[in-house]
2 protein chains.
Amino acid sequence: MGKGEQTRQAILDEAFSMASCIGVGALSIGVLAERTRMSKSGLFAHFGSKEELQLAVLREAQQRFADIVLRPAFRQPRGLGRLRAIVVNWLSWTREANLPGGCVINAAAAEFDDQPGPLRDEVKNGLLALRRVLAETAAKAVETGELRPNTDVDQLAFELEGIYQVAQQSRRLLDDPHADRRALVAFDRLVADHAILREKE
Amino acid sequence: MGKGEQTRQAILDEAFSMASCIGVGALSIGVLAERTRMSKSGLFAHFGSKEELQLAVLREAQQRFADIVLRPAFRQPRGLGRLRAIVVNWLSWTREANLPGGCVINAAAAEFDDQPGPLRDEVKNGLLALRRVLAETAAKAVETGELRPNTDVDQLAFELEGIYQVAQQSRRLLDDPHADRRALVAFDRLVADHAILREKE
DNA sequence: GACACTAACGAACGATCGTTCTATAACGTA
DNA sequence: TACGTTATAGAACGATCGTTCGTTAGTGTC
């Protein structure tokens, strides 16, 4: 990795953790330069525009999400276990990644849902892709016979996303120490509703 | 209502709808003055500081929420019907209120969850109060015998909030036209899980 | 008609914003 | 060691930020 690439990654690291606290939209090149002990112009040269920097942060977030949440879960055999692994990793990924201020992606989702442009598109595509992964993982649990054949996997992905969002809000804003537990309770109930009943289990 | 109060309300109306699009944190006194055809200083005098203006917007949001979502629902007799009325009003309240850019409160929740101060406190208290209302409404449905006595009403409020959040995101960011229907499906299933079973219903 | 009070204005403040330009280091290759 | 390339710095730009100040209208009261 060349020197430039190395610096760029260091900037991105700092920007990533900053964005997690104040939001991608509130990122400031001046403050970021100060934190990385660079000049504004030197830092700026790595991205060409503020928007490009913000996009880079969003892409970085998606990549880390895939590395921390999805990839490990996919080492589980397909089925309900894999789906549950995703949820468990998902709930704790802001602690694994360098995200002192919570999930960048969901914050950006609320921030840009009304502002057309590349940033909104990036967030939208990322979340659509995630929904697809969730739905497909659920579909595999149908194949394995763990979920009922008539399960609406898109509805399931929808509800999973809801569980995640409220868990984040409860933990971060409302300081609820039981948020994760509540999220898992919700997940188990949700899955049980679509599970194929086995006697005595 | 005196002249001053009238102007202040007009400013607040505009700020409210602006905040819904760009977020409470991104409100700008200059832009707001332009939109209301006032001078920056004239507008500023009504609030004394930007933070005070932001607080006023958040309080306005909570008041409108109570007027549009809660008050009408409480005209229903206590029980599941009332709970469902809250959810239905809740899902559509951004259309009733002047909220072209979605729910201000939830956007602010994501924005300020990491920034201590009066704004975070205001949002947190508002959302805690909402959770309380939801839980108490559910508790009344236990009293009427519609929900099981051992229902965890706080867990239920938690999950309701999740359903709302993902519905917002699906509708606003992902442009999903079925978001509200999915939310109601989720609600009905959630309630059914805690309902007292009646034969043939 | 003088007076107090409120509402709004216009100008200016220092700070910070994103961005541009030019210059200077540092580095890789010959 | 010289040269081209890349990486970073420094200074300045015009714009906008929140805020302050002094002043001017409008309004009701004695």
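The values are calculated or read from the model by the stated rules, or taken from the named source; none is laboratory data. Note that the structure is predicted; figures quoted are calculated from it, not measured. Cβ: placed from backbone, ideal geometry, glycine included. Neighbour counts: every protein chain shown. Heads up: the accessible areas ignore ligands, DNA and RNA and are worked out on the full protein's heavy atoms, side chains in. Shrake-Rupley method; radii C 1.70, N 1.55, O 1.52, S 1.80 Å.
Structural remarks
- Every Cα-Cα pair in the range B:83-201 was counted, and those over 20 Å apart are 48% of them.
- Taking Lys and Arg as +1 and Asp and Glu as -1, the other residues whose beta-carbon sits under 12 Å from that of A:Asn98 total -2.
- For the range B:77-121 and the range B:144-201, distance of Cα centres in Å: 16
- The helix-based estimate of mean residue ellipticity at 222 nm for chain B, built from -39,500 (n - 2.57) per DSSP H run of four or more residues and divided by its residue count, is -22000 deg cm²/dmol to the nearest 500.
- With label points set 7 Å from Cα along Cα→Cβ, the inter-copy distances at B:Gly30 are 1.2 nm, sorted shortest first.
- Peptide A:174-180 is shielded by partner chain Cβ atoms: per residue, an average of 3 of them sit within 10 Å of its Cβ.
- Distances from B:Pro100 to itself in the other copies, using label points 7 Å out along the Cα-Cβ axis, amount to 3.7 nm in increasing order.
- About its Cα centre, the dipole of the protein assembly as shown is roughly 20 debye, where the only charges are +1 on Lys and Arg Cβ and -1 on Asp and Glu Cβ.
- For the pair A and B, total buried accessible area rounded to nearest 100 Å², probe 1.4 Å: 3600
- Averaged over peptide B:105-113, the number of partner chain Cβ atoms lying within 10 Å of each residue's Cβ comes to 6.
- Taken along its principal axes, the alpha carbon cloud of the range A:1-68 reaches lengths of 32, 29, 18 Å, longest axis first.
- Calculated on alpha-carbon atoms, Rg and Dmax of chain B in Å: 19.0, 67
- Compared with the rule-of-thumb size 2.2 N^0.38 Å for a compact globular protein, the protein assembly as shown has a Cα radius of gyration ratio of 1.04.
- Inter-centroid distance (Cα atoms) of the range A:1-41 relative to the range B:15-35, Å: 27
- With every protein chain in place, chain B: carbon and sulfur % of accessible area (1.4 Å): 51
- Relative contact order [Cα under 8 Å, 6+ residues apart], chain B, whole percent: 20
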